[in-house]
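S.K.: This structure is in structure tokens; I'll ask about it shortly.
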Amino acid sequence: MRYTTDLRDPEWQLLQHGFPKPGQTGRPREHSYRELLNAMFYLVRTACQWRNLPKDFAPWGTVYHYFRVWKKSGLWKTLHTRLRQQVRLAEDRKSQPSAAIVDSQSVKSSECSDERGYDSGKKINGRKRHVLVDTLGLVLLVMVLPANIQDRDGARQLLAKHFGRRTRRRVKQVWADGGYTGTFVAWARALWRCTVEIVKRTDAHTFKVLPRRWVVERTFGWLNRYRRLSRDYERPAPTGETMVYLAMIRLMVARLASP
């Protein structure tokens, strides 16, 4: 193992069945899927540029090509969903959650971003990650939008995308902070039959763990360990979403393969 981000054998065994089998015709691949994954995990962990990947990985153009191909084919989301279900089953939970927490994280973006905005509350010019996590802190869905979009407006798009997918079990309970008060609560109940509970902060100047709110904050803490996510360096917003899924895949694989 060359780098701390490289997949160990038990971790690779959890992922190898999710990748397409090599074709029977044509030129054989020069670089294995495991080697390509190691390069991608190194990039999202260290925040290096694609062109500056170490030379002992596959050529950066090859790595980036497969990253884009798997993003367009939906492979990253498929792997992420499968691993999340395995983690939940390992924690004696059902594979599909019935409760979740919604929140957002404003981050600065680079000047090459397609769309960005100014978050007047956080004083940040960039983008906002709207995330929906289960009660274990595992990401159910992430959506990257300009930072000037309000939390409740972004949450509407997030829940509409989540409930629009075909799932056997849907989320019935959602916790949110005070930024989601207003018509969003009634909208979720009327359209999706989902109860949104607002957990407000106390006025007292003392530290207090808010019910269920700490779960999503811990998830943001996990993501902050991956330096590529410290800012939004991606040009299209879907690539920024894929980076979040990539970080969570590496985290869940390490959890499942741990003794």
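S.K.: From THR78, THR46, which residue is among the β-branched types (Val, Ile, Thr), open to solvent by 60 Å² or more (accessible area, probe 1.4 Å) and under 21 Å from the mean Cα position of the chain (by Cα)?
M.R.: Checking each option against the conditions leaves just THR78.
S.K.: Of the numbered conditions (1) loosely packed, with under 14 Cβ neighbours inside 10 Å; (2) among the acidic types (Asp, Glu); (3) not in a loop (DSSP other than H, G, I, E, B), ASP56 fails exactly one; give the number of that condition.
M.R.: Single failed check for ASP56: (3).
S.K.: Given the structure, is LYS123 under 19 Å from VAL215 (Cα atoms) and among the basic types (Lys, Arg)?
M.R.: no
S.K.: Quick one: in segment 68-90, which of the residues that are touching a Ser or Thr at 6+ places or on another chain (Cβ under 9 Å) and without any contact (Cβ under 8 Å) to a residue 40 or more places away in the chain is nearest to ILE249 (Cα to Cα)?
M.R.: GLN85
S.K.: Sticking with this structure for a sec: Filter segment 139-191 down to the residues that are among the aliphatic types (A, V, I, L, M) and in a helix (DSSP H, G or I) and list them by number.
M.R.: Across segment 139-191, the qualifying residues are ALA155, LEU158, LEU159, ALA160, VAL185, ALA186, ALA188, ALA190, LEU191.
S.K.: Listed residues LEU14, LEU36; which is touching a Leu at 6+ places or on another chain (Cβ under 7 Å) and assigned to a helix (DSSP H, G or I)?
M.R.: LEU14
S.K.: If you scan segment 229-247, which residues turn out to be among the aliphatic types (A, V, I, L, M) and under 19 Å from LYS72 (Cβ atoms)?
M.R.: Matches in segment 229-247: ALA237, MET243, VAL244, LEU246.
S.K.: For ARG51, state whether it is farther than 24 Å from VAL133 by Cβ and in contact (Cβ under 8 Å) with a residue 40 or more places away in the chain.
M.R.: no
S.K.: Let me ask you something else. Return the pair list, or none, for Cβ contacts closer than 6 Å from residues in segment 144-165 that are within 14 Å of ALA188 (Cβ to Cβ) and of a type in the set (Asp, Glu) to residues that are modelled with pLDDT under 95 and assigned to a helix (DSSP H, G or I), at least 6 apart or on different chains.
M.R.: Hits for this filter: ASP151/GLY179; ASP151/TYR180.
S.K.: Conditions: (1) modelled with pLDDT of 95 or more; (2) under 16 Å from the mean Cα position of the chain (by Cα); (3) over 21 Å from ASN224 (Cα atoms). HIS162 meets all but one. Number of the miss?
M.R.: Status for HIS162: all satisfied but (1).
Residues checked against (1) under 16 Å from LEU145 (Cα atoms); (2) assigned to a helix (DSSP H, G or I):
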{"position": "THR219", "(1), (2)": "no, yes"}
{"position": "LEU223", "(1), (2)": "no, yes"}
{"position": "ARG235", "(1), (2)": "yes, no"}
{"position": "GLU241", "(1), (2)": "yes, yes"}
{"position": "VAL253", "(1), (2)": "no, yes"}
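S.K.: While we're looking at this one, here's another question. For LEU7, all conditions in the list (1) in contact with a Lys or Arg (Cβ under 8 Å, 6 or more places away or on another chain); (2) not in a loop (DSSP other than H, G, I, E, B) hold save one; what is the number of the exception?
M.R.: Just one mismatch for LEU7, condition (2).
The values are calculated or read from the model by the stated rules, or taken from the named source; none is laboratory data. Since the structure is predicted, the reported quantities are computational estimates derived from the model, not experimental observations. Virtual Cβ from ideal backbone geometry, glycine too; neighbours counted across all protein chains shown. Heads up: the accessible areas ignore ligands, DNA and RNA and are worked out on the full protein's heavy atoms, side chains in. Shrake-Rupley method; radii C 1.70, N 1.55, O 1.52, S 1.80 Å.
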